[in-house]
Each structure stands twice: as C-alpha cells, then as structure tokens.
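What follows is calculated from the coordinates using simple rules that are stated; it is not laboratory data. The shown structure was predicted, so the numbers you read here are calculated from the model rather than taken from an experiment. When we count neighbours, we look across all protein chains shown, and the Cβ atoms used for this are built from the backbone with ideal geometry, even at glycine.
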Amino acid sequence: MSALVYVRTPFYTLFANCVLVILAMQIGCHREKVKAPVPNSAAVQALPKADPEAILRQMEQAYRDATSYSDRGRVVLRYRERGDIRTDEAPLAVAARLPSELRVAAYYSVVVSNGERLRAKITDELSEDIDGQILDRELSGELTLEQVYDDVTLREAMTSGMGGQPLQLDLLYADDPLKSVFAEDANCRMLEPEECDGHDCYRVATGGTEGEFVFWIDGETFVLRRLDYPATALLPDLAQSEVTQDLALRIEFRDATFEPKFDDAVFQFEVPAGAKQVRAFVLPPHPLPTTLFGKRPAAFACDGLDGSKVGQHALLGKTAVLLWFNGHPACRTTIEQLSEVFASRRNDDTIAVYAVSTEPSSVSSSQLEATLASWNADVPLLRDFDACGRDVLGVPWTPTMVVLDKEGNVQIFEVGANTDLAQELPTILDRLRDGDDLASEIIADHNEQTANYGRMLEAAMGEAVSPATTGTPATSEPTSDSTET
C-alpha cells in the first residue's frame, strides 16, 4: 500500500453526509441557553381528518401545478449537550419560476438559471472556492433535474449534506418526487396536526430507508413546511453519546409559498471578476496539510500523566505516532483504531505510540483515562498543556495524527478522522522501518496532481462559452421577499 493514501482529497470530503456534525464537533456549535420550541396544536383542531397517502398526493399535485415557488429553507441540527442546547444550520433554499428560472442555495453551493444559462459557484475555503471556478453552461431546452445535477462535483456539493438533495427540486421537477425518501414497503400514518411557521399543518409519518420521516404539510396550500429526519439512525455516534440528548434533524422550509414576489435579479448571476469559467468543475489538488513533510519540527514536549516530559529528543531513534485528540465522540473511532494498532505493536521497542490530549487542566488525567476506558481504548496518554501541537506542529483540530521517523522528520500528517487507521497505519510503520521516505512520495504526488490539474483546468475553460451577464453577484442575497442564498 502506498502512503499516498494519507493525502486526503479535500473538496468532496467537505460535503460528506455528516458535514454539519463534523463542523459541530471540530469547530463548535452555536450555543443557546433557551428552551426548545414546543409545537402548538391548539389552533389546528379545525383541520379535517384525512388519509395520509391522500395528503401526500395532494402535496405532490400542488408542486406539480405550481408556476412559481420560493422558500428560505434551512437544514437544522439541534441537540442538548450537558444542559446546553446546541444548533447548527446550513442553507437548503429554492426559488423557481417554472419551467427554467431557478436559484438554489444548497449547503456550500449556489446554482442559478436565468432560463438560458445555468451557472454555479461552490464555496470551499480549503480550495479557495474551487480555485475561483464558476460553472457556466448553456441550457438545452427547458431546465431539468438532469441538467442541474449533470456536473459530478456540483451534484456532490448540492446533495451530500445531512439533509440530502433539495427535496423542493424533486417536488417541482421529478415525476416521482418522494422516491428518494420512501422505503419500498413504507407505511404512512397520520399524526396529530400541529402549527408550523404560523400555518396549520397535517403531519404524515412515513418509513424511509433510514427510519421514519415526518412531513409537515400546510393544511390550506399543501406546501411542505417542514421535514423531520430520523436523527438517531442518521447520526448514531452523536445519538449514542452519553452527554447528548434530544437529538433532532430537520429541514425547515421557511416562508414556503407558491405565490412569491420575485425581483428579476433573483435569477441573474454576475460572474465575479477574475473567475475561471468552466464547462465542468475541475477539483484542484488538496493543499498539503503541512509544510513540515520531510523536515524536523522545532523542539516540542508534552506532559506524561506522571508529570514527566516526553519531548522531541526522547522520540529520536524510534518511529513515533502522535495522535492529538479531545474527549468529543468525533475522536472516538480514530482513538479506537490507534489502540488496535498499539496492541499489535506493544512489544516493538522501535515504535512509540501516544494519544495526546488537548483537554485543559480542568479535566483531570483520571477523567481522560475514564474516557478512553469507555471507548474501549488502551493507548499511552500524553497531555499538551503548552499547545505545542498547535504552535509548533500546526495541528489545526482534533483528531490529527503526526508520524515522525527515527530522525524526527515528519513523514505523515493526517487531519481528521480515519476509520481505516487500523489497516493503514501498520503499513506505514513497516515502510518506515524499511527506510522508505514517505514524505518525498507525498510531495512528488502532490506536484504531479498540480500539473495534471493545470492541464485539465485549461481544457475545461476552453470548452466554456461565457457571454457577459449582469445581475446579482454570486455571493450576495437576491432581492426577493421570500428566498435567500
């Protein structure tokens, strides 16, 4: 196995299914000390009883008959951790003037069709917004879902957040819009009506491939106002955490309406100056996670639980594996994997393996040991009270693994969780024992990827046809009463 697998492809990992949870665990959620909203059913007793499947069919028909639509949709993750309510949100908003004018803000992407051309931008800090690329394509006939999702990279950006693809697009454009939600043998049942966004709503629960979904459907217009997801099934690690309660995941289709008041600028997209207009997005290579590959970092030292210091010089002559972590469940899988490797190499005196805690001194060493025990992990512990991981090695967040060779040079620098660590790390250790220079391989591979990217980008830009446009800048909100980007 080549060590090159340890240079992670950056862009589409940002759009993994748990993107919101990753942000919550690694960066920190917005915290609120407020009560969770309580649905009000007092005002919805007048809604007539109805068959759940009939309500869903009426909802589908309402979207099928629509000539325009807009909402300010948001995916909302909400849970209680140690008494604090935490929330995180991502956009999933749609504005449409059928058949071919469209604006979608989905997670990190903005897609706009003016009826003649489809343009899109993806916001991604690591790749500097896909190296400033703007997708620009001429429409072929009326707008279809196939044209919206034709670009692989754009489709990944629009659909791989925790709320999945924008369901509004399926409802407006697809022949069988709920196919992506329902399980083949799904049973529907009617729940008690509730109020949502100031509107009386039917609530229909239906079985999906991951569990039960709940549709909140306006009792008058049959527009979808909210969709509750089976959060426990979709987010098992967060659901099983001892410090997490009241986990909820939903899409709120805020201000959803079939009668929006649009400004024409909603469906215009001004290409920013200096943008690279492409027929298809070309993923740039991930920037190397560190400039220390093949180099010995400045002196550093961490604290042992017995008060001793384990520093850079003490590790010389050994292959050293240092995994920075904290007590959040996001680190659990990686620590368990490291523990498995340590167990298999425990008696190898040419290897040093440590889990390095970034927890503050207010968290005792016995608490750290209890956390690892609850994770069924047995691995030597160090503490980074002086933040040398951050300040000397440039560790951006936890978990991050750094592997040093016998001379103390950085050979591997892996940021983020790795569920395959138990299979991959032994190969790295064996290759370093044999004297292989993995850092040089990583740098050479990155240089080759960069050269290939330049050639592919030049071809993609040559295929794009991009006449001048005017309208709303790609990064600004449209001037509409009922949609946002």
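Which translational diffusion coefficient, to the nearest whole µm²/s, is obtained for the range 259-360 from the Stokes-Einstein equation, given a Kirkwood hydrodynamic radius over C-alpha pairs, 20 °C and 1.002 mPa s?
Calculated translational D: 113 µm²/s.
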Table column - 3J(HN,Hα) (Hz), the range 88-95, Karplus curve with 6.51, -1.76, 1.60, x for Gly and Pro | 9, 9, 9, x, 8, 10, 9, 10
Long-range HN-HN contacts of I412 with modeled amide H, under 5 Å | V403
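With the cut-off at 1.5 for a/c, could you classify the range 122-240 from its C-alpha gyration tensor as rounded, prolate or oblate?
The shape class here is prolate.
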Counting every C-alpha pair in the range 188-231, the percent lying more than 17 Å apart is 26
Built amide H within the under 5 Å cut-off of L382, gap 5+ | A355, V356, S357
In square nanometres, what is the average projected area of the Cα convex hull of the range 360-428?
-> 5.7
Taking only Cα atoms of the range 222-293, radius of gyration then Dmax in Å = 21.4, 58
Excluding residues fewer than 8 positions from K276 in its own chain, the aspartates and glutamates with Cα under 14 Å of it are E128, D129, D131, D136, E458, E463
Applied in sequence order to the range 378-383, the curve 6.51 cos²θ - 1.76 cosθ + 1.60 (Karplus, θ = phi - 60°) yields integer Hz couplings, x standing for Gly and Pro, of 10, 8, x, 10, 10, 10
Give the Debye-formula value of log10 I(q)/I(0) at each listed q (0.09, 0.10, 0.15, 0.16 Å⁻¹), with one equal scatterer per alpha carbon of the range 301-436, two decimals each.
-> -0.23, -0.28, -0.66, -0.76
Considering only the range 301-436, percent of DSSP beta bridges that pair antiparallel, nearest 5 = 60
One finds, for Y453 and D175 with R0 = 41 angstrom and r their Cβ-Cβ distance, a FRET efficiency to the nearest 0.05 of 0.60
